[in-house]
Amino acid sequence: WMACANKGYYFEIPSIGAIRINTQEYLDVLGRPMVLAGVKAKQVQWTNVYLDALELGLVITGTLPVFNLTKDASGNQNQLILGVMGIDVSLEDVKRLTPRYTLGPNGYYFAIDPNGYVLLHPNLQPKNPKSQEPVTLDFLDAELENEIKVEIRHSMIEGENGEKTVHTLIKSYDERYIDKGIRTYTWTPVNGTDYSLASVLPPSSTYYIKAKLEEAITQAKHLESIMPDNFDTSGYVYVAPREYCNGLTPSNNNTAFLESFIHLIDRQTPNSPNCKTDLINNLLLDAGFTSELVTKYWSKQKPDGVLARFVATDGGITRIYPKRAGEEWTANPETYEASYYKRSLNNNFYIFTAPYINKTWDGIQSSAESGIMASRAVEIKVDRKTLMPAVLGVKIDVNAWMENFTRIASNSKCFAEICDCTKNSKHLDCVILDDGGFLLMSNQDEYIGKIGKFFGEIDP
């Protein structure tokens, strides 16, 4: 009587074994309003992000109901749902459709669903790659939260358009530092879905360089500067592993990737329809001016405690001089993923980076061999537009820096023990820490082997 009194429907389940059969029939009844609604009910429903069992990586699944719209012998239309069809969409495929290299190293995009969970975001990285659970990361957890970001999240969930410029804290790519920066958030709803898409740009990414190298002679000259035969005179070159052309697979082996790239450009010009002309032209332009930097300036300078000089560019070139220093280079050749590069663009001062030492480090390997990296962004103005196309830097010899440090820090006119910052002083430990609290320099030999380690672990 309860079902009838409320214009409802019911099934009798005589036994436990009949639950499945009756439930399936009951779904036909629940689906009738959807079938009768027709096209209005045919809306794609999207799942949360999850890891695909077939190793497609992070995916989302779109589902759509399939209706039985045939008519019986009496001319009555069926009101049944035949089932549900779906399709998996890899987030990597979605990323390939976005203009990554025009947003700049610190620019990015993200999307959220009606619950505020991110669909796309640089920080959407599941910790357990084998987990079968949905990957749910709220936008406010993906970034360092502030009041304006709470407002942005609410506006995106409501399906509104908007733009805000925010002074915010930014976590570094290697998650070791926190920087201050300015970001402009622009968002809009995605038509036909309940998602909202946003772009995030720093001031330096408002404009970007689009190189034009139409003369074959100029292209050949710049290409020659990245050939391994010229590393002795023009410095060791790393090329960012990007998809410059069809058939050129990105590789972490720089030597193999560089050879494949040179061989491919020899066979077909950068203007080939199989290649991304803008990417290649920017790469070759950067190769040309970084080569001149070595031949006209660095090669004529004395080392003076510098182990290496380097330049990394937005176009994907990392050039290190001299060659032997480049052979020992450990930083990421993809400048868009190199922490020192991204941090240098975020700050208007020199960024000091020591070799990373984790908690399990045994202290045997000396950081003095690899040196301390100091880098700073190159800022240029074109028609009153500010661009940051490269980062310049050096690797400092730790032993030479230590001698200068102890000499400058010691006060020969002061006779108290507190002024004694000489090497291996028994009275005073002198240290230099970077902005993350990691050890860069000390007057004590016992600390030199711990350069790059968090000072709170060295001296709790």
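Every number here is computed from the coordinates shown, using simple stated rules; none is lab data. Note that the structure is a prediction, hence the values are computed from the model and not measured. Note that each Cβ is placed from the backbone with ideal geometry, even for glycine, and that neighbours are counted across all protein chains shown.
Of note:
- Sum of -39500 (n - 2.57) over DSSP H runs of 4+, divided by residues of the chain (222 nm, nearest 500): -7500 deg cm²/dmol
- Difference of contour (0.36 nm per residue) and Cα-Cα distance, Ser251 to Glu163: 27.9 nm
- Whole-number percent relative contact order across the chain, with pairs defined as alpha carbons under 8 Å at least 6 apart: 10 percent
- Signed unit charges on C-beta, dipole axis of the chain, positive-most listed residue Ser425, Asn230, Pro250: Asn230
- Stretching the chain fully between Leu64 and Asn424 yields a gain of 122.4 nm (0.36 nm per residue, less the alpha carbon separation).
- Distance between the 7 Å Cα→Cβ label points at Ser15 and Val94: 4.8 nm.
- Counting only residues at least eight positions apart within a chain, or on another chain, the lysines with an alpha carbon under 28 Å from that of Lys450 are Lys171, Lys180, Lys323, Lys342, Lys359, Lys395, Lys423, Lys426.
- Put simply, when 382-395, 103-116, 76-89 are sorted by average Cβ atoms within 10 angstrom per residue, most first, you get 103-116, 382-395, 76-89.
- At R0 = 45 Å, FRET efficiency that the Cβ-Cβ distance of Asp304 and Thr188 yields, to 0.05: 0.25
- Taking only the C-alpha atoms of the chain, Rg followed by Dmax gives 29.7, 111 Å.
- Highest to lowest packing among 344-354, 148-158, scored as the average C-beta count within 10 Å: 344-354, 148-158
- Relative contact order (percent, whole number), the range 216-396, Cα cutoff 8 Å, 6+ residue spacing: 22 percent
- Residues with amide H under 5 Å from that of Leu307, placed H, sequence gap 5 or more: Lys395, Ile396, Asp397
- At full extension, Glu55 and Asp28 could sit 6.2 nm farther apart than now, given 0.36 nm per residue minus the alpha carbon distance.
- Karplus-derived 3J(HN,Hα) values for the range 303-312, using 6.51 cos²θ - 1.76 cosθ + 1.60 with θ = phi - 60°, are x, 6, x, 9, 7, 7, 10, 9, 9, 10 Hz; glycine and proline are entered as x.
- Residue-wise HN-Hα coupling along the range 422-433, computed from phi with Karplus coefficients 6.51, -1.76, 1.60 (Hz; x: Gly, Pro): 6, 4, 6, 4, 7, 9, 9, 9, 10, 9, 10, 10
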